[in-house]
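Nothing in this text is a laboratory measurement; each read-out follows from the coordinates by a stated rule. As the structure is a prediction and not an experimental result, all values here were calculated from the model. Cβ: placed from backbone, ideal geometry, glycine included. Neighbour counts: every protein chain shown.
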Amino acid sequence: MNEYTVFHTMAWPSAYAIYFFVIGISSALFFFSALSWFREDYRPLRENAFYASFVLLAVGGLLLIGDLSQPGRFLNILNPAYLNFQSPLAWGGLNLISFGLVAVLYFFMMRKGDEVNGKRLAIIGSLLALGLPIYTGFDLTVHQHRPVWNTPLMPVLFVGLSLVSGAAVASFLTKGSEAANSAMRRMMLWSGGAVGAMLISLLGTTAYGGVGAELTFMFLTSGTLGLIFIGLGIIAGTAVPIVLLLAPLGRQQVGMMTASVLILVGGMALRYSILYGGQILQTYY
Amino acid sequence: MTQELLMSSTETRGRPGVRRYAMVIDVRRCIGCMACQVACKAEYDVPLGVFRTWVPYRVTGKYPTVKKQFLPRLCNHCDDPPCVRACPVEATYKLEDGGFVLQHYDRCIGCKACMASCPYNARFMLPEHRTYTDITKVVDKCTFCYHRVIQGLVPACVQTCVGRSRIFGDINDPNSEVSQLVARHATQVLRPEQGTKPHVFYIGADRSLTDYGRAVYHKDEQADIERAAFNRNKHI
Amino acid sequence: MLKLTRRTFLKASAGTTAAAVAAPSMLRAMEADLGGRDIDPVSLIERKSIPTNCHVCNIQDGALAFVENGRVVKLEGNPEHVSTRGRLCAKGNAGMWYSYDPDRILYPLKRVGKRGEGKWKRISWDEAYNEIAARLDDVLTNGHPNEIMLKWGRNRTGGVLERFMHTLGSATILNHTSVCESSKKIGMEPTWGPDIEMPDFANTKYVLNFGSNVLEAAYFHNPFSQRVTEGRVDSNMKIVTFDVRLSNTAGFSDEWIPVYPGTDGAVALALGHVILRENLQDSDFIENWTNVSVQELKDHYKQFTPEWAAKLSGVPVETIERIAREFATTKPATTYTYRGPAKHMYGSYNEKACMMLPIMTGNIEKRGGYCLPRGMGYDQPQPQPPKPATPSYLAHPDEYPLAGHKVSHLVPFWITEGKQKIKVYFSYQDNPVYTNPGADAVWGELFRNEELIPFYVCLSPFMGEEAQLADIILPDVPYLERWEPESMPSSLWPWLAIRQPVIKPLGEGKETRVYLQELIHKLDPDGSRGMKKFWGFKSAEDYLRKQFENIPGLKEAGGLDFLKKHGVWPIYGKLNPRTGKISDKSGREIAAEYGLYRKELSAADMAGAMVDGKGAIHKNGKVIGVQRKGRNYVGFPTHDRLINVRVDQWAEYGFNPMPTFKRMPWHENMKDDEMILTTFKLNVHKQSRTAAVKWLAEISHANPAWLGTETAAKLGIKTGDLIRIESGVGHIVTKALVTEGIHPKVIAVSTAHGHWGYGRLAQLKLKEAAGQYGAADDPDLKNVWWDDKGVHPNHIIPAVADPIGGSQGWYDTVVKVSKAQPGDKYGDMVADWNKHVQWYKEGMRYTYVGDMHRKMHPEMASWAGPDSVKHKATGGH
Ligand SMILES: Nc1nc2c(c(=O)[nH]1)N[C@H]1C(S)=C(S)[C@@H](COP(=O)(O)OP(=O)(O)OC[C@H]3O[C@@H](n4cnc5c(=O)[nH]c(N)nc54)[C@H](O)[C@@H]3O)O[C@H]1N2
Ligand SMILES: Nc1nc2c(c(=O)[nH]1)N[C@H]1C(S)=C(S)[C@@H](COP(=O)(O)OP(=O)(O)OC[C@H]3O[C@@H](n4cnc5c(=O)[nH]c(N)nc54)[C@H](O)[C@@H]3O)O[C@H]1N2
Ligand code: SF4
Ligand code: SF4
Ligand code: SF4
Ligand code: SF4
Ligand code: SF4
Ligand SMILES: [Mo]
């Protein structure tokens, strides 16, 4: 009782949640910039969203490397002799780096205004961008023993979260364009709705899962984590902004701004609580 | 186990021509003396705050009918180890002959994907400070005392086990003590539903000891006070 | 010549025990070696192995030290050691941290500033010798040699400390045994000779364990735990444990029976009552081998009904009856006791009552039964200094004539009362300021008083609570750095062993036998005082060589050189990896010898002997054996070679010579809100000295007070709450731990934590600089994450001695437990010297000269009183 106290740490602490958040937004912003080659209403976002995406990509990359205990060995991930294709992280590393390279090329084409190559790179880049939330989702999904994480929903949820958070950031970058604003409003509504729906099914499968899932549900819905997950993530960060955006106020600048801020807070809260939620219980085992 | 039950190419149990080491822990014989835990610390200069093996306990029953039982824990050297799958750089790998799951310390980037993927908390990050070993800030875990076993010695924790609760050997050899124990006794493994095929087999471990999550139902508040200190003060 | 002590009386000769038993295990077990080698996991280089003897605690298991780059990196059990069988406990595995403690003292220190202020000056050995020699000189020329006192806790020097004191002519030699288990010894010795039993756990079918926590502590934790698990799993033995709390042993046992503190004796007597009532005793054994008859025993036990015991102990009548029948009808069976029954005010009676059970059921010296200890002795180099001429009161207080292991915990009161003057005080491996009842409030008070203790020399490598109060500290060395002879009766096979330096003493550290010789040479440089001649050793090794020079068998095997190579002698066989047991050449487990008391006397022994009507064999004015059915047996090592169920010597002092029970007077009228404070040891700690061993401190560093669920609910206390525990002498403030595993009237606080000395890790003062006294730092201490160091209970435990055995009543303290009061802080330890004095005086009323003695012994009404007693010189041990 007063002896044998051995405790375990969580593998992935909060730095990872910030990374997920940042990289998700980066990827969505690139996607919006890329869409501008195909849809006029996204045009005002092309440069702004790209720059923001690129800065966030750099920040995310640094966060990821900085969180390694051996940041100097980051390049090992590119060493073909070491590469393990069974690991989502290996795919993720490749994805991240190729996305970075494509983004640089895209930047030059964008500056040159090269329609043809710009479009090509927009498509390639978008696919790679889409890969980022998908791989981060997979990063969690593959851990078969972790409640909450181990669901096929996870990559989709991360794509949804990426889009809704990205749209929230993008809504500040529209330079006041009506069309872009309303595109972002729609984007927030649809992806926010999708996220909401996925969260509800996630809660369901967790609450009625096995003993591990059930206990994880208890952790996720009570105490501080409950406040973060349910309070900030689901209510303040998902439900309230959707209601707000549907309400007349949501069509006005203030309303949208408020909703965007709430969505961002919620997006961070959800990533944090999902990351933690999947790990808490096992530290007791 | 026979060949038909092999499910992935990584599995070596029952594969002819290779050794497959395993540990049997007879919980009926474990007295919770912690000798194994400390011997392992010494063998590897394991720093404070992390453990390659540890011996948690449960107190069950109501006064005056109360029991205290221990469950020695360590890496299961899974036959289908998720940690190996998770590692992006193959810094953690499984040795075909012997079935040891090991680390290349100089390759590990410290992403902790393997820690996240191990269902047993068997892995940990080595802190920056150690007494005399300069392998730091990479992930580590029990090696099944690879360096001893290949030189004909049992693991350090087995060597010192006061209750002779830990038995080690080649489960592919039908005459080994581990094979015979597994054949003759009902054995348990931890979290079998995870498909990891653990190679640490328990004898006499009932579900009050092995169940995942049960400890949280019976939360020991004292441990929680300590856990808070651990989370507050650890430098890992 | 083997030195014969009571413990070593039954040395079995090495060669004769190697006969094998049949039926080896069917398993073709572990294919790999069980030990003896170790390899560096990084470089894969084999580490150098040196055999020695563990001394992290006092069990004395055989060890191997593995050295790499001049550093001890690993310890392991010596696979050639018959008791240890290659294994060490958690503490033994961590022993190198005694040597590498970053706060270790590596040169002599002299106090500057006030006592206990913590200011020290590094001095040379020569300066230290000069200071000490001057003080000793002063006593030897102007006073009485008994004014030089030496008290040890552990003394495994093999006679060095005694030689030193006898050289000085002082009899004021004390030990710590009265805070340890002395009443157990006193309960046993007059009954059958030795001070401990050797239960054959591996082969028994039934164990009644009274208050021994053998799986965590006790003598002999590691060797016995090995055999307890063997017995339990391999031969289906049942073990029933009586304890006031759920120790690991109780938690492992088939049955845990919580008893009301101090009442084991009553339960044991009632068990005996049932056995005798139902005629389940071994009448043959009783009639032939004890000094009472079955009828006498039956008559005597009539009074101890299960109903009577149930009322005192809380153990239900049915349980007592069932266990009595199980114990008496399962063969072989044994009891085992350690401090649980003994550490009470009448602990000697409790122990005696417990040991009656294997006696009356005839389980003595049988395979699987309750055996005599097997030990071995070694020599004292000649010439030896003579025994001091004048006895010392402190070493043999008049009020405790039966306390053969002394009453050292009352010494501070006696010095204060002026019973004996002390001018120079030496302490050796003894930290009474922490480990004794009253702790700092008693011993700290004594040591801080320069009038009572004008000069205090502490022989220790560590800045313990006692060393902090010294005038001079001599940097003795931990066990891995010294030479010592060793032997313990820790299995059915006797053995001799050594401790040898596996690394050179670190810094300026020196071992005891070296610096005491140098000190004597300083006192008597030319030998004119007649001291030097006892100290003519060329080196520490030379001293040891002389101790092992003439031991038959060992001498032929190579003497000390054999021991240097193997660590232990004799070597009974090889550690069998299939079984973990010692096997002979044929691969079968070595067999033990049983029935030692039935060894027959030789014709030479019988020459000139005379047999009386009762079969006692007399020779040269002594009884040397017992004749039964025409055969001449050696019997038991008592004055009449029988088991003395009736101890006549006790009656001389008005104590009951027959098995009996006395209730603690202050447990009789306890109020509802009062509880009994008990204290206990943990498997990973060794009293005061492991708090600075990082791997052990990591496992256990705090000691919340155990409280039963029901009791805690009544008091409104939850786990983690601050509580105040208040006794008659003070209070402590600590945290509560609510558990199902404790008697509702008991609160239990473990020892080993809550230090205010012993270096930075023990005190969690890791921000202070390491190596204050010359030792190297350990970078790993940067990883210490815990911030609770626990609270020590000893301040509030009054010093009370068993009037027979002289043992401290550790487990008797009546306390009030409540939620902490405003202003109480975690770790508060408040106790008062004057209150301690009052309690000491209260305790003295129960000695045979005290006014309560007769009241406690109405059955001894015909005793003529204290004045009738003729004082004999009592034997020290
Ligand atoms: N790990 C470890 N081992 C050690 C030591 C050590 O410090 N640490 N020290 C060695 C030494 S010096 C000694 S003397 C031995 C002591 O070894 P033990 O006597 O086995 O251990 P203790 O903890 O002193 O006390 C034993 C038990 O007595 C219980 N007890 C208290 N009151 C009663 C009672 O009234 N009745 C009964 N039945 N039980 C009661 C306590 O709860 C405790 O569990 O251990 C030796 N071995
Ligand atoms: N509350 C409570 N108190 C108890 C007990 C309990 O169960 N509960 N148990 C009691 C028992 S059974 C006993 S035996 C006593 C033991 O009491 P002690 O004998 O006083 O305690 P130890 O911790 O064995 O060692 C005492 C000191 O030896 C010194 N020392 C350590 N290693 C070495 C060395 O290598 N060389 C030298 N020269 N010195 C060294 C250290 O300064 C250490 O403080 O404690 C008793 N006190
Ligand atoms: S127990 Fe964990 S670390 Fe060990 S092999 Fe299995 S998954 Fe890997
Ligand atoms: S932490 Fe090291 S061993 Fe673990 S997955 Fe990452 S690179 Fe592999
Ligand atoms: S097998 Fe070796 S590394 Fe693993 S727990 Fe045992 S001693 Fe430690
Ligand atoms: S050494 Fe053996 S008996 Fe002791 S705790 Fe470890 S497994 Fe249990
Ligand atoms: S019980 Fe442990 S500490 Fe004590 S002598 Fe044996 S191995 Fe050493
Ligand atoms: Mo003791």
*If contacts are Cα pairs under 8 angstrom and at least 6 residues apart, what is the relative contact order of chain C in percent?*
19
*Please order B:Asp220, C:Asp561, C:Asp802 by the number of other Cβ within 10 Å, starting at the fewest.*
C:Asp561, B:Asp220, C:Asp802
*Where does region A:190-271 land on the Kirkwood hydrodynamic radius, alpha-carbon pairs, in angstrom?*
13.1
*Spatially proximal lysines relative to C:Lys619 (Cα-Cα < 22 Å; intrachain offsets below 8 disregarded)*: C:Lys3, C:Lys11, C:Lys599, C:Lys629
*Please give the per residue volume of the convex hull enclosing the alpha carbon atoms of the protein assembly as shown, rounded to a whole number of Å³.*
191
*Three principal axis extents, largest first, for the C-alpha atoms of region A:14-283, in Å?*
58, 57, 26
_Helix-only mean residue ellipticity at 222 nm, the protein assembly as shown, DSSP H runs n ≥ 4 weighted -39,500 (n - 2.57), per residue, nearest 500. What is it?_
-10000 deg cm²/dmol
_On alpha carbon coordinates alone, what is the Rg over Rh value for region C:649-731, Rh being the Kirkwood radius?_
1.11
*Run through the DSSP bridge list for chain C and note the antiparallel percent, rounded to the nearest 5.*
60
*In the P(r) worked out for region C:32-149, what percent of Cα pairs fall beyond 16 Å?*
73
*Could you work out which residue, out of B:Lys94, B:Lys141, B:Lys112, moves most in a Gaussian network model of chain B, that is, has the largest mean-square fluctuation with Cα springs under 10 Å?*
B:Lys112
*Partner chain Cβ atoms within 10 Å, averaged over the residues of A:134-143 - can you pull that number for me?*
2
*Return one number: the angle in degrees, 0 to 90 and rounded to the nearest 10, between the long axis of the Cα atoms of helix A:46-67 and the longest principal axis of the Cα atoms of chain A.*
30
*Between C:Arg845 and C:Val830, 0.36 nm times their residue separation minus their Cα-Cα distance comes to what?*
2.8 nm
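Which percent, to the nearest 5, of DSSP beta bridges fully inside region C:182-370 are antiparallel?
Taking every DSSP beta bridge with both residues in region C:182-370, the antiparallel ones total about 5 percent.
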*Send over the semi-axes of region C:306-423's equivalent ellipsoid, whole angstrom and largest first, taken as the square roots of 5 times the C-alpha gyration tensor eigenvalues.*
40, 24, 9
*Counting only C-alpha contacts under 8 Å and six or more residues apart, can you give the relative contact order of region B:81-149 as a whole percent?*
28
*18 Å Cα cut-off, lysine pairs counted over region C:182-370 (separation 8 or more, or different chains)*: 14
*Give the whole-number value, in cubic angstrom per residue, of the convex hull volume spanned by the C-alpha atoms of region C:182-370.*
99
*Give the dimensionless ratio obtained when the Cα radius of gyration of chain B is divided by 2.2 N^0.38 Å.*
1.01
*Between C:Thr141 and C:Glu600, what is the FRET efficiency for a Förster distance of 51 Å, r being their Cβ-Cβ separation, to the nearest 0.05?*
0.35
*Cα-Cα over 21 Å, subset of C:Lys718/C:Lys835; C:Lys555/C:Lys622; C:Lys110/C:Lys522*: C:Lys718/C:Lys835; C:Lys555/C:Lys622
_Taking every pair of distinct Cα atoms and averaging 1/r, then inverting, what Kirkwood hydrodynamic radius in Å comes out for region A:70-153?_
14.5
*Per residue, how big is the convex hull around the C-alpha atoms of chain C? Give it to me in cubic angstrom, could you?*
170
*Among C:194-204, C:56-66, B:126-136, what's the highest-first ranking by average C-beta atoms within 10 angstrom per residue?*
C:56-66, C:194-204, B:126-136
_Projected-area mean, region C:691-753, by convex hull of Cα positions, square nanometres_ = 4.9
*asked:* Using Cβ contacts closer than 10 Å as the measure, can you line up B:Ile203, C:Ile359 from fewest to most?
replied: B:Ile203, C:Ile359
*How large is Rg over Rh for region B:56-153, taking Rg from the Cα atoms and Rh as the Kirkwood inverse mean of 1/r across Cα pairs?*
1.09
_Which of C:Thr84, C:Thr751 has the fewest other C-beta atoms within 10 Å, and how do the rest follow up to the most?_
C:Thr751, C:Thr84
*asked:* What percent of all Cα-Cα pairs in region C:367-453 falls into each 5 Å bin, going from 0 up to the bin containing the maximum distance?
replied: 3, 10, 16, 17, 16, 12, 10, 9, 4, 2, 1, 0
_Extension gain, C:Asp648 back to C:Glu287 (0.36 nm per residue minus Cα-Cα distance, nm)_ = 128.2 nm
*Work out how far the C-alpha atoms of region A:132-255 reach from end to end along every principal axis, then list the three figures in whole Å, largest first.*
50, 29, 20
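Which whole-number percent is the relative contact order of chain B (Cα, under 8 Å, 6+ apart)?
27
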